[in-house]
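Please read the structure below before turning to the comments.
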């Protein structure tokens with residue numbers, strides 16, 4: 001397989017991963033917004049004094065975005081960059 005084909009396949013893998021992770025964070029975010037709009041009673045439940053389900057889920061949305069970003073960066077650093085170096089040689 002020539003370098004051009006390998007680069008094209010690598011770009012395809014990067015694109016699929018980026019779309020998958022983007023879809024995941026959009027689903028998480030809009031799921032949370034949906035709950036805000038239609039699940040106020042659920043979000044208002046207290047888990048502990050001063051901590052409601054809504055606050056906990058909001059923090060989880062932020063943590064999920066960090067986790068998905070970390071996953072992409074880790075993938076890019078270990079797989080994408082290594083494959084690019086291999087293609088260049």
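Screening 57, 43, 68 for residues that are in contact (Cβ under 8 Å) with a residue 12 or more places away in the chain and touching a strand residue (DSSP E or B) at 6+ places or on another chain (Cβ under 8 Å) leaves exactly one candidate, 43. When each of 19, 84 is tested for being in a helix (DSSP H, G or I) and either surrounded by fewer than 13 Cβ atoms within 10 Å (Cβ to Cβ) or at positive phi (or both), the lone residue that passes is 19.
Looking only at residues in region 1-15 that are touching a residue at least 60 places away in the same chain (Cβ under 8 Å) and within 15 Å of residue 88 (Cα to Cα), which one is surrounded by the fewest Cβ atoms within 10 Å (Cβ to Cβ)? For region 1-15, the residue satisfying everything is 3. Scanning region 16-34 for residues that are in contact (Cβ under 8 Å) with a residue 40 or more places away in the chain and farther than 16 Å from residue 58 by Cα gives 17, 18, 21. Out of 24, 56, one residue alone is under 12 Å from the mean Cα position of the chain (by Cα) and either modelled with pLDDT under 95 or at negative phi (or both). It is 24.
The values are calculated or read from the model by the stated rules, or taken from the named source; none is laboratory data. Nothing here was measured: the structure is a model prediction, and the numbers come from that model. Don't worry about glycine lacking a Cβ; one is built from the backbone with ideal geometry, like all the others, and counts go over all protein chains shown.
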